[in-house]
Amino acid sequence: MPTIRNLFDKQGLQETLDRIDQLTPNTTPEWGKMNVSQMLAHLNVTYEMTYEDIHKKPGAFARFMLKLIVKKPVVNEAPYPRNGRTAPQFIISNERDFETEKARLFAYLNKTQELGERHFDQKESHSFGPLSVKEWNNMFSKHIDHHLVQFGV
């Protein structure tokens with residue numbers, strides 16, 4: 001079971017930031033195809049979808065299917081399987097700069113914590129419609145945990 005840290009809580013956020021700080025540009029994955037810089041960019045996509053208007057929103061039918069099939073495993077507390085499939089917009093195939101992607105992730109995480117639970121309560125997600133605070137936190141926290149475990153931290 002992944003550790004679902006409360007990223008809205010300063011301590012939970014700090015524990016996550018400390019784990020990310022253990023990564024280096026040379027940290028190698030225990031599984032999967034992404035290097036560490038690509039993984040950080042991959043994690044940033046979730047926050048781009050939350051805060052930026054740079055990813056195309058799914059149409060009505062796609063959104064219905066996402067809610068029906070994808071939402072539950074993304075927002076519940078069950079861990080993601082190793083080498084699981086990912087949505088196309090989360091695939092990072094080009095090279096990324098480690099320090100840039102790490103700084104972006106830190107900024108997104110800090111922004112999320114500063115906005116707080118009230119901001120996210122029933123906030124519309126890019127793909128799943130309104131989510132509870134717990135669902136938002138589960139989505140954010142377990143995704144990060146999954147990839148930090150992938151890279152040995």
- Does GLU95 satisfy the condition of being assigned to a helix (DSSP H, G or I), modelled with pLDDT of 90 or more and either exposed (fewer than 13 other Cβ atoms within 10 Å of the Cβ) or among the basic types (Lys, Arg) (or both)? no
- In region 1-20, what residues are in contact with a helix residue (DSSP H, G or I) (Cβ under 8 Å, 6 or more places away or on another chain) and more than 17 Å from GLU117 (Cβ to Cβ)? PRO2, THR3, LEU17, ARG19, ILE20
- Query: Taking region 128-153 only, how many residues are outside any helix (DSSP H, G or I), buried (at least 20 other Cβ atoms within 10 Å of the Cβ) and out of contact with any strand residue (DSSP E or B) (no Cβ under 9 Å at 6 or more places or on another chain)?
  - Reply: 1
- Residue pairs within 6 Å by beta carbon, gap of at least six or interchain, first lying in region 99-121 and of a type outside the set (S, T, N, Q) and loosely packed, with under 14 Cβ neighbours inside 10 Å, second at pLDDT 95 or above and assigned to a helix (DSSP H, G or I), listed first then second, are ASP121/VAL133
- Hey, among the residues in region 11-21 that are among the aliphatic types (A, V, I, L, M) and more than 19 Å from VAL133 (Cα to Cα), which one's surrounded by the most Cβ atoms within 10 Å (Cβ to Cβ)? ILE20
- Query: Could you say which residue among ARG82, ARG5 is touching an Asp or Glu at 6+ places or on another chain (Cβ under 9 Å) and exposed (fewer than 14 other Cβ atoms within 10 Å of the Cβ)?
  - Reply: ARG82
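Residues in region 2-10: is at least one in contact (Cβ under 8 Å) with a residue 24 or more places away in the chain, farther than 27 Å from PHE128 by Cβ, out of contact with any strand residue (DSSP E or B) (no Cβ under 6 Å at 6 or more places or on another chain) and not small (Gly, Ala, Ser)?
The answer is no; no qualifying residue exists.
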- Message: Conditions first: (1) in contact (Cβ under 8 Å) with a residue 40 or more places away in the chain; (2) part of a helix (DSSP H, G or I); (3) within 25 Å of ASP121 (Cβ to Cβ). PRO73 passes all but one, so which condition is the exception?
- Response: (1)
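Among the residues of region 59-68, are any under 15 Å from the mean Cα position of the chain (by Cα) and assigned to a helix (DSSP H, G or I)?
no
The values are calculated or read from the model by the stated rules, or taken from the named source; none is laboratory data. Remember, predicted model here, so these are calculated numbers, not experimental data. Cβ atoms come from the backbone with ideal geometry, glycine included; neighbour counts cover every protein chain shown.
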